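So the structure is just underneath, and the comments pick up after that.
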Amino acid sequence: MPTTSFTPGAAAAGGALIGAAASLLLLGQGRVAGVSSVVAGLLRPPTHETPWRAAFVAGMVAMGTVGAWLWPAAVVSTVDRPPVTWVVAGLLVGFGTRLGSGCTSGHGVCGLSRASPRALVATLTFLTTGALSATVARWLGGVGP
């Protein structure tokens, strides 16, 4: 099985950057940085919100690209699966975000910081099912540390 190395400094820096970005969007645009909602807004006919949504998504893609260029080891996948598996997984994540009325960034970062009870329930559900899924996958000989 692959091994992972947790680095608290990098994790804290990443969390601080995510928090800063979410705070800037809330303060500057009055919008919550829930990625699934931002992207969903781009899939509808263009409105006055399209420019900031497009800039938000472009910024995520651009910084992901820069991060991969600066630190290639951070984006190497140890999971060897056919492309169709990744597509199905992505569709299931999209379905889950619609079912849960948001994603982990919307509920976990933005909702919890605004003391939303709904976000607390959603985040606890995400974490619990994620931990159970990882445990079962590892127990069955699947992927995981």
### Query
Listed residues Val38, Val32; which is in contact with a Lys or Arg (Cβ under 7 Å, 6 or more places away or on another chain) and not charged (D, E, K, R)?
Val38
### Task
Residue by residue through segment 94-134, note down the ones that are more than 24 Å from Gly14 (Cβ to Cβ) and not aromatic (Phe, Trp, Tyr).
Arg98, Leu99, Ser101, Pro117, Arg118, Val121, Leu132
### Query
Got at least one residue in segment 23-32 being surrounded by 13 or more Cβ atoms within 10 Å (Cβ to Cβ) and closer than 30 Å to Arg138 by Cα?
no
### Task
Quickly run through segment 1-46 and pick out the residues that are among the hydroxyl-bearing types (Ser, Thr, Tyr) and under 17 Å from Met60 (Cα atoms).
Ser23, Ser36, Ser37
### Query
Which ranges mark the helices (runs of 4 or more DSSP H) fully within segment 27-145 that have 3 or more residues being in contact (Cβ under 8 Å) with a residue 12 or more places away in the chain and of a type outside the set (S, T, N, Q)?
35-42, 50-70, 117-139
### Query
Hey, among Leu112, Leu99, Leu124, which residue is surrounded by 11 or more Cβ atoms within 10 Å (Cβ to Cβ) and either modelled with pLDDT under 90 or in contact with a helix residue (DSSP H, G or I) (Cβ under 8 Å, 6 or more places away or on another chain) (or both)?
Leu112
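The values are calculated or read from the model by the stated rules, or taken from the named source; none is laboratory data. Model, not experiment: these values are computed from the prediction. Neighbour counts are summed over all protein chains in view; Cβ atoms, including those assigned to glycine, are modelled from backbone coordinates with ideal geometry.
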